[in-house]
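To keep things clear, I will list the structure first and then write my remarks on it.
The values are calculated or read from the model by the stated rules, or taken from the named source; none is laboratory data. What you see is a predicted model; the values in this text were computed from it and never measured. All Cβ positions, even for glycine, are placed from backbone atoms using ideal geometry, and neighbour counts span all protein chains on display.
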Amino acid sequence: MRTGIANLPLHGHHCPRWLFERMVRLSAAIVEAVVEEFGPREVLRRMSDPFWFQAFGCVVGFDWHSSGLTTVLCGALKQGMADRQKDAGIFFAGGKAMTSRKTPLEIAAYTDRYALPDNVANLQYASRMCAKVDSAAVQDGYQIYQHFFMFTGDGSWAVVQQGMDGQSGWARRYHWLSDNLRSYVEEPHAAVCGQNGLKVLNMVARESDQARNVSVFQTKEKPEKIISSLKKIAALPREQLARLDLPAAHPVPQAGRIEKTLRQLYDLAPQNYEQLLSVQGVGPATVRAFALVGEVVYGVKASLKDPVRYSFAHGGKDGHPYPVDRNNYDLSINMLETALRRLRVGERDKMDALRRLAVLQKNFTY
């Protein structure tokens, strides 16, 4: 888990058409260059690194503090790679708002269209669980509205998704990588980028292990018992209720609204917390209900530790630190695209020159 990345304010989303068209070309050229040198799985690894991702966005024309970097950069990359995915061996699905809901269909469509190994079920499950964890198991006040899913033919994948706090206007970004994943429900993120919050219900923290176990245990109790406990908690005096570890702005769930889900879980009898969380209908209220009953009835507290943990080349689209220079931008695109074309016919001089330049820059003392 990485620390030190600032929160992302939701402003500066407007992107001129001329700049977006260049973003499409440059972002695709950079990804192709990484694939040519290191292979498609390296793209997944880099996209899951919040510092590299942020630098990538700044290179193609964003300010370090613009949350629009995530949505527009992912949109530009998906568009730029649309006709190059098969050759690159990396595929891009999902996006912002309603586009994110198409992710499972896009995974299946790419697999069928390009005759990929049949990892559809596993990839769709990964997409769904990443979204479920960050929307229900981590209750930090940020509503997920961006889900960008990338995968390779061998079934490896990465996710970049973003949430918004409607009250403060700040955004938070969540990075996932299959290579690092040991569990969907215990410390699963490659990184979470934002500002530390207060009283974040974090059911995927290592410290929430007992709370997860108690939650699973409660699914074996008759729903009437859970509902009764919730009603008693809701009826506690305000001063006593305030001593409970409730996340900010998250009230005690209304028993009547989650009764159907509780009965469904009782019938399904999940064997572990991942199975519990994966059930359709289990959302923030259900997760919070089990956590509250676990604390009040069984004395087991869930973690309130926030899982949360900056870069310029062509200027920023908002004019900071300086406006985007179209000529320099076009030169960068042409240089990368030319290097890629020559590399494919066996001429490595330009790509080797870029590598030497990177080594020189790394060793240069400012």
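Structure data summary
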item	result
Any pair with Cβ under 8 angstrom, 6 or more apart, that starts in the range 93-117 at a residue that is more than 16 Å from TRP157 (Cα to Cα) and in the same structural domain as MET150 (by TED's automatic domain parsing) and ends at one that is of a type in the set (A, V, I, L, M, F, W, C) and outside any helix (DSSP H, G or I)	LYS102/ALA93; TYR114/PHE91
Within the range 232-265, tally of residues that are modelled with pLDDT under 65, surrounded by 14 or more Cβ atoms within 10 Å (Cβ to Cβ) and more than 32 Å from the chain's Cα centre (by Cα)	1
Filter result (more than 15 Å from ALA108 (Cα to Cα) and surrounded by fewer than 17 Cβ atoms within 10 Å (Cβ to Cβ)) within the range 73-88	ALA82, ASP83, ARG84, ASP87
Residue within the range 281-291 that is modelled with pLDDT of 65 or more, out of contact with any Lys or Arg (no Cβ under 9 Å at 6 or more places or on another chain) and more than 18 Å from VAL204 (Cβ to Cβ) present	no
One residue from LYS102, LYS86 being over 23 Å from ASP179 (Cα atoms) and outside any loop (DSSP other than H, G, I, E, B)	LYS102
Verdict on ALA97 being under 17 Å from HIS189 (Cβ atoms), among the small types (Gly, Ala, Ser) and out of contact with any Pro (no Cβ under 8 Å at 6 or more places or on another chain)	no
